[in-house]
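Here the structure is laid out as structure tokens; the discussion comes afterwards.
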Amino acid sequence: MHTIIHPTTPPHRSRTAAISQQSEYRQPNYDCREHPDAVKLTVYVPGVNPSSIAIEVRGPDLVVTARKPHVVRVNWQALHLENAQRDYRLCLRLGRELDYPTLHAEFHNGVLSLTLPKRQPVGPAPRLRAVA
């Protein structure tokens, strides 16, 4: 019995454009831990200079882009290293309860550490009434 598998992308969209856009970056390994007062995010980006790291906030999303230096050697030969030389991009939806403008970032030996403090409540906590 034959099975027909239909493509998941609509026919009006180019498949090569979607593939090339996805393959431009690769997702780095990361660790995200929630603490009572902050969220700590550790992103592993080996081979990246600290000056080439960009941290953006888009609403509830945090986007970390880290670009590797691309060096063309004199004796260059194609060794299929394209995947290892791709830049890193990590997109995480962390929510709106974090205080993004006060985030703290450190970079040491290919490890980017981000500390995102949680927002403090704006007013006094609502009191509960005892109803008998």
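The values are calculated or read from the model by the stated rules, or taken from the named source; none is laboratory data. Predicted model only: the values in this text are computed from it and were never measured. Reconstructed Cβ throughout: ideal geometry from the backbone, glycine too, with neighbour counts over all protein chains shown.
Which members of the stretch 87-102 meet the condition of being under 13 Å from LEU41 (Cβ atoms) and assigned to a strand (DSSP E or B)?
Result: LEU90, CYS91, LEU92, ARG93, LEU98.
For the stretch 70-84, indicate whether the set of residues that are surrounded by 11 or more Cβ atoms within 10 Å (Cβ to Cβ), modelled with pLDDT under 95 and not basic (Lys, Arg) is non-empty.
No, the conditions are met nowhere in the stretch 70-84.
Taking the stretch 23-60 on its own, how many of its residues are exposed (fewer than 14 other Cβ atoms within 10 Å of the Cβ) and among the basic types (Lys, Arg)?
2
What are the pairs with Cβ atoms under 6 angstrom where one residue, in the stretch 39-63, is over 19 Å from GLY110 (Cβ atoms) and the other, located anywhere, is assigned to a loop (DSSP other than H, G, I, E, B)? Sequence gap at least six, or different chains.
Short answer, once both residue conditions are applied: PRO60/GLY95; PRO60/ARG96; LEU62/LEU94.
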